[in-house]
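Just below is one structure, and these are the notes that go with it.
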Amino acid sequence: MARLELHGISKRFGDQVAVAGFDLSVEDGELVTFLGPSGCGKTTTLRITAGFETPDTGSVVVDGSEVTGLPPNRRGMGMVFQGYALFPNMTARDNVEFGLAVRRRPPAERRRRVDELLGLFHLEHVAGHYPHQMSGGQQQRVALARAIAVEPSVLLLDEPLSAVDAKVREELRTEIRRMQGQLGITTILVTHDQAEALSISDRVVVMNSGVIEEVGTPARIYAEPRSAFTAGFIGAMNELPVRVASRREGLVERAGRRFAAPGATELPDGAAALLLVRPESLEPIEAAAAASEERPVLRGRVDVQTFLGATMRLFLGGVVWGAAAEGDHEIEQLAVDVPSSAAGRWPVGTELSVAIPVGSSRVIAARTAAEAAAVTRRPGSART
Amino acid sequence: MTGSRAAGAFWSAETSGTARAGRGSGRPPAWSLAVLVVSIVYFFLPLLGTAAFAFSTGKVFTLEYLAQGLTDPDALGSILLSAGFAVSTTVVAVVLVAPSAYLVELRLPGLRPVLDFVTILPFVIPPIILTLGLEEVYGIRGIFNLVGSPVLLVGGYFALTLPFVYRAIDNALRAVDVRTLTEAAESLGSGPFRTFLRVIVPSISTGILSAALLAFTTIMGEFTLASLMGYATFPVMLNNTYASASREAASLVLVSFMITWLSVLALALVARRSPTARQVATAR
């Protein structure tokens, strides 16, 4: 249980910058996620925290004392690795006990502690099994129990769920959150899976090309992404190119129409910008309903329907702004979520008009070419 | 999955070869049977001949020569001498090579080509040249005079077994994720020595056993170095007695075969009882 501070961490590998100027404080008992595409520096930062890499600059501070120069075995942190890294020659029980044996705890205490942890992770029935006799989920739970057994000051999880299948992944992430909350361990989780990051974190650190894009609670980052990168990386997001019409009045302009959009007051007049709208925010309306300054309207043809459970995602093609002339196809694709029960009203091929409700959109500066490349590179793209 | 997997890389070539022959049309092709028969005859005929020679007077079966061979104090002494050299060389080789290979794998991957090259050298240097070189450096006129010390022969044997020992251990090290296992142990507070002895060595135990067996059997049968350095090891003794007491020598050859086979068997048994094999057994 501890407060972790990372001050000005930088690291280069050859002429490749892995991390640059990374500053972060993690509160006692907090679960913070480093989220970003592969190569964004999240794992390097975690390994620097653990002591497996030495930073070129910066310091790692735990509860006020600097540990930057300490080897990993003297930092008292727990780590869970991507591929479990269980000791193949030891049973589940022996794996969990290893750290306690290193610390020369008395055998009776060790036994009690190991039993307690095996119970916490529902592993009693595989206590005597060797790693390769266990399922991926069981192995990862043993790895968690092993890391927690020594009561680490900070728990570091390096993509702990990427090697298990989807169903187990969801179970395990709930379990990690439950355990972390119960024990109150300061935890850092590294992942490239935005759903994982949003679902279990107190705060999310979005990273890109070695720097922090932004830090915030999952709800804030989802609702109000502050950078084009975050917007593209987290959740499904429609990005509609617009231009800032009036900074003072907070208006943007497209296809000859002006309308109010939150965030426009922060950008210069005439700037190229992106209007961000979540698919679930768009409201289907009657085709005849007029657009207004408060409520811009888009119109398109339903190309594809994808079933998401409670909602159906409709992908519209040939999308134009409500007032634009026929043939003015400005937006390649627009995702709209409607309740699955109502999806029958818009079969593939039908026309659909949607309104962007007041306050549900946000304007940010259009991304640079480099940012655009980073977004398209990232795996498991859910962006629309 | 059978216990043969646990016996390590040493067996795998044989096992996979058999598996391949058994697959396909269901019946192995005629030529592979022919190869098998020829190999069996080639390997076992001399052995049968030796046995016939050793266990008969030419007309009737007898164990007399075997008894004579075994009770000969020179023979017993030479077997013990060979075993002594074999054991000490094996221990020295494993104790030196395993940590070195681990360190190169973990921290000095740039040195790998150097090690690969050095460990292949004994293959291309004939033992007689090796002996002359050793005499030059460690002989009477050498820099360090080690003449008469068994250390010199153990040193030469170490060089001789280096290719087998290094390769067997290095293969085992590459088969496990040494770096991550080391990091996992470090993150749990383990220092380098404990990590090596408690985590790495058990993980590569089959490789170490293969290495030890290869080193042991090589030294048990080594003639050139021992002969040139004047040690009456088992092969040297056999060579000396063959002219005068050839039937006794033949019976001792069979004894030496038995020793080799027993050590192979012992290796298989030990490997079967190692954790990896035990896991397999319980899983079944």
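Can you tell me which residue among A:Ile188, A:Ile148 is of a type outside the set (D, E, K, R), part of a helix (DSSP H, G or I), closer than 14 Å to A:Val80 by Cα and touching a residue at least 60 places away in the same chain (Cβ under 8 Å)?
Residue meeting the stated conditions: A:Ile148.
Among the residues in region A:55-71, are any surrounded by 21 or more Cβ atoms within 10 Å (Cβ to Cβ), touching a helix residue (DSSP H, G or I) at 6+ places or on another chain (Cβ under 9 Å) and within 11 Å of chain B (Cβ to nearest Cβ)?
No, that holds for no residue.
So which of A:Thr33, A:Thr44 is modelled with pLDDT of 90 or more, farther than 24 Å from A:Arg178 by Cβ and within 21 Å of the chain's Cα centre (by Cα)?
Of A:Thr33, A:Thr44, the one residue that is modelled with pLDDT of 90 or more, farther than 24 Å from A:Arg178 by Cβ and within 21 Å of the chain's Cα centre (by Cα) is A:Thr44.
Of all residues being of a type in the set (Ser, Thr, Tyr) and within 11 Å of B:Tyr102 (Cβ to Cβ) in region B:183-207, which is farthest from the other protein chains (Cβ to nearest Cβ)? Just the residue, please.
Ranking the qualifying residues of region B:183-207, first place goes to B:Thr195.
Would it be correct to say that A:Glu196 is part of a helix (DSSP H, G or I) and within 16 Å of the chain's Cα centre (by Cα)?
yes
Quick check: is even one residue across region A:110-124 in a loop (DSSP other than H, G, I, E, B), over 23 Å from A:Ile234 (Cβ atoms), without any contact (Cβ under 8 Å) to a residue 60 or more places away in the chain and within 14 Å of chain B (Cβ to nearest Cβ)?
Checked against the condition, which is being in a loop (DSSP other than H, G, I, E, B), over 23 Å from A:Ile234 (Cβ atoms), without any contact (Cβ under 8 Å) to a residue 60 or more places away in the chain and within 14 Å of chain B (Cβ to nearest Cβ), region A:110-124 yields no hits at all.
Just to verify a result, which residue in region A:75-89, among those that are at the interface with chain B (Cβ under 7 Å from one of its Cβ atoms) and assigned to a strand (DSSP E or B), is farthest from the chain's Cα centre (by Cα)?
Within region A:75-89, the match that is farthest from the chain's Cα centre (by Cα) is A:Gly78.
Pick out the one residue from A:Pro347, A:Pro357, A:Pro379 that is over 19 Å from A:Leu276 (Cβ atoms), at pLDDT 65 or above and either assigned to a loop (DSSP other than H, G, I, E, B) or not aromatic (Phe, Trp, Tyr) (or both).
Checking each option against the conditions leaves just A:Pro347.
With (1) in contact with a Pro (Cβ under 6 Å, 6 or more places away or on another chain); (2) surrounded by fewer than 24 Cβ atoms within 10 Å (Cβ to Cβ) as the list, and A:Ser25 as the residue in question, which single condition is left unmet?
(1) is the only condition that A:Ser25 fails.
Residues being crowded, with 22+ Cβ neighbours inside 10 Å and within 13 Å of A:Ala365 (Cα to Cα): count how many of those fall in region A:224-239.
Within region A:224-239, residues that are crowded, with 22+ Cβ neighbours inside 10 Å and within 13 Å of A:Ala365 (Cα to Cα) number 6.
Is region A:157-166 home to any residue that is surrounded by fewer than 19 Cβ atoms within 10 Å (Cβ to Cβ), more than 11 Å from chain B (Cβ to nearest Cβ) and in a helix (DSSP H, G or I)?
Within region A:157-166 (the criterion being surrounded by fewer than 19 Cβ atoms within 10 Å (Cβ to Cβ), more than 11 Å from chain B (Cβ to nearest Cβ) and in a helix (DSSP H, G or I)), the answer is yes, since at least one residue qualifies.
Against the condition surrounded by fewer than 22 Cβ atoms within 10 Å (Cβ to Cβ) and at pLDDT below 85, how does A:Arg257 come out, does it pass?
For A:Arg257, the condition - surrounded by fewer than 22 Cβ atoms within 10 Å (Cβ to Cβ) and at pLDDT below 85 - is met.
Of the residues A:Glu170, A:Glu214, which is surrounded by fewer than 19 Cβ atoms within 10 Å (Cβ to Cβ), without any contact (Cβ under 8 Å) to a residue 24 or more places away in the chain and more than 18 Å from A:Phe229 (Cβ to Cβ)?
Only one candidate passes the filter, namely A:Glu170.
Looking at region A:49-80, which of its residues are in contact with a strand residue (DSSP E or B) (Cβ under 7 Å, 6 or more places away or on another chain), free of Cβ contacts under 8 Å to residues at least 40 places away in the same chain and of a type in the set (A, V, I, L, M, F, W, C)?
Passing the criteria: only A:Val67.
Does region A:94-107 include one or more residues that are surrounded by fewer than 22 Cβ atoms within 10 Å (Cβ to Cβ), in a helix (DSSP H, G or I), modelled with pLDDT of 90 or more and more than 14 Å from chain B (Cβ to nearest Cβ)?
Yes, the conditions are met somewhere in region A:94-107.
Any idea which residue in region A:278-299 is modelled with the highest pLDDT, counting only those that are part of a loop (DSSP other than H, G, I, E, B) and farther than 8 Å from A:Ala355 by Cβ?
Among those residues, the one meeting the criterion is A:Arg278.
Let's see how each residue does on (1) among the acidic types (Asp, Glu); (2) within 19 Å of the chain's Cα centre (by Cα); (3) in a strand (DSSP E or B); (4) surrounded by 19 or more Cβ atoms within 10 Å (Cβ to Cβ):
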| site | (1), (2), (3), (4) |
| --- | --- |
| B:Gly58 | no, no, no, no |
| B:Tyr65 | no, no, no, yes |
| B:Gln68 | no, no, no, no |
| B:Leu76 | no, no, no, no |
| B:Leu80 | no, yes, no, no |
| B:Ser88 | no, yes, no, no |
| B:Gly110 | no, no, no, no |
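Just wondering, is there one or more residues in region B:220-237 that are assigned to a helix (DSSP H, G or I), within 14 Å of chain A (Cβ to nearest Cβ) and surrounded by fewer than 22 Cβ atoms within 10 Å (Cβ to Cβ)?
Checking region B:220-237: not a single residue is assigned to a helix (DSSP H, G or I), within 14 Å of chain A (Cβ to nearest Cβ) and surrounded by fewer than 22 Cβ atoms within 10 Å (Cβ to Cβ).
Just checking, does region A:237-253 include any residue being basic (Lys, Arg), assigned to a strand (DSSP E or B) and at pLDDT below 90?
yes
Residue by residue through region B:175-191, note down the ones that are at pLDDT 90 or above, of a type outside the set (Val, Ile, Thr) and in a helix (DSSP H, G or I).
B:Arg179, B:Leu181, B:Glu183, B:Ala184, B:Ala185, B:Glu186, B:Ser187, listed by residue number.
If a residue has to be surrounded by 23 or more Cβ atoms within 10 Å (Cβ to Cβ) and either more than 13 Å from chain A (Cβ to nearest Cβ) or acidic (Asp, Glu) (or both) to count, how many in region B:167-182 make the cut?
Total satisfying the criteria: 3.
Looking at A:Val302 and the list (1) within 27 Å of A:Ala219 (Cα to Cα); (2) at pLDDT 90 or above; (3) not hydroxyl-bearing (Ser, Thr, Tyr), which single condition is not satisfied?
Condition not satisfied by A:Val302: (1).
Based on this model, can you work out whether A:Arg177 counts as within 12 Å of chain B (Cβ to nearest Cβ), among the basic types (Lys, Arg), closer than 28 Å to A:Ser38 by Cα and not in a loop (DSSP other than H, G, I, E, B)?
For A:Arg177, the condition - within 12 Å of chain B (Cβ to nearest Cβ), among the basic types (Lys, Arg), closer than 28 Å to A:Ser38 by Cα and not in a loop (DSSP other than H, G, I, E, B) - is not met.
The values are calculated or read from the model by the stated rules, or taken from the named source; none is laboratory data. In this text, all values refer to a predicted model and were calculated from it rather than measured experimentally. Glycine also receives a Cβ, built like all others from the backbone with ideal geometry; neighbour counts cover every protein chain displayed.
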